[in-house]
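Derivation of every value follows stated rules applied to the coordinates shown; laboratory data play no part. Since this is a predicted model, take the numbers as computed values, not measurements. Backbone-built Cβ (ideal geometry, glycine too); neighbour counts: all protein chains shown.
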Amino acid sequence: MSGRIVIMAGGTGGHVFPALAVAEELRARGWQVSWLGTRKGLESRVVPANGFEIDWLAVEGMRGKGLLSKLSSVLRLLQACIQAHGILRRRQPNVVLGMGGFVAGPGGLMAKWLGIPLVVHEQNRIPGTTNRWLVKLAASKVLEAFPDSFPVSFNAIRTGNPLRKAFIGLPEKSEWRPDSERNLRILVLGGSQGAKVLNDNVPEALAGLKNLDIKHQTGTEMRPEVAERYQALGLKAEVLAFIEHMAEVYQWADLIICRAGAMTVSEVAACGLPAIFVPLLHAIDDHQTANARYLSEAGAALLLPQPQLNAENLRKAIEHTMTSLTSMSRAAKNLARLTATETVADLCIAEAKP
């Protein structure tokens, strides 16, 4: 069967990249794929660059703001619903897929209004606000990346997180052991903006260790400062503002120190890469800690809360993992859902109306 689908995902890479993986899979199967997004989010650049048509909504978040701002947001939400209604009537999709971000709210509600099947996929272990509302009000099928993100009554199907093809089918790599002849390869990943708390603490933590190869992604602003700090500490490190080919770097590394966004956790599992997670302290509903626990409770990662992060504690965490990298890698691979992209695409097709 071929048909038409509208995919709704916006804001950050955690929503956009898994949605893009599904979009590419459906396009390869002959489906007409269009996107619903905002001009401010990452999707405004990434989606057109990958050859997909995109329709724009004017909508933004409604959490944590003053009364006047919330009233204004309600008016913008109503406007966005009107826009979404017109777009869906024009696109005539057989099914709509919502993968998070505020843009999915009005689009999902209007899909329900127009009688179009709505599939909702949640990437985080704790659902976001938009998806929590949509599964109650509009969804015809609910998908989750992690187990038990939604109550049993929603009959959610666990799919894992859709991954880009670069993360699938990676070749086996040589594992580092304490008696290995080569250095331990450590990857420090702060996300596209860089994580200041990692930039501030990691160099000093690594200074107390020997025989390391280091790649540290800092974000643009802090790159010169972090590079100077490594040099002052006598450490040889490749300090990068941005990493384009992430799967290749994951494959290079023996251990990663990073935040715990949903896609990072899923990619780390797919690559069998042992991790030390430092969850973002002020993430909504502390969802990054919940994401990290999914791997740490299975012995695939260590969880180091940000308030406990300092050079000494991080050094101890690294030393602890050095004796268990093989078992951590195996545990991570056991949790990976490598067919998530195909599964989500299959479920969208099954839910589509003729």
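Cα centroid separation, segment 200-265 to segment 287-317: 17 Å. Give me the angle, in degrees from 0 to 90, between the Cα long axis of helix 311-321 and the longest principal axis of the Cα atoms of the chain, rounded to the nearest 10. Result, in degrees: 90.
Within segment 167-335, how many Lys pairs that are eight or more residues apart, or on different chains, come under 18 Å at the alpha-carbon? For segment 167-335, the number of qualifying lysine pairs is 6. Compared with the dominant Cα axis of the chain, that is its longest principal axis, helix 104-113 is turned about 30°.
Arrange 314, 78 by Cβ neighbour counts within 10 Å, fewest through most, would you?
By the 10 Å Cβ count, ascending: 78, 314.
Summarising the overall dimensions of segment 4-63 from its C-alpha atoms, the Rg and Dmax are 11.1, 39 angstrom. In terms of other Cβ atoms within 10 Å, 281, 303, 206, 68 run from fewest to most in the order 68, 281, 303, 206.
Counting only alpha carbon atoms, the long axis of helix 13-28 and the longest principal axis of the chain meet at about 60°.
Taking the three principal axes of the alpha carbon atoms in segment 175-291, the coordinate ranges are 40, 32, 25 Å, sorted in descending order.
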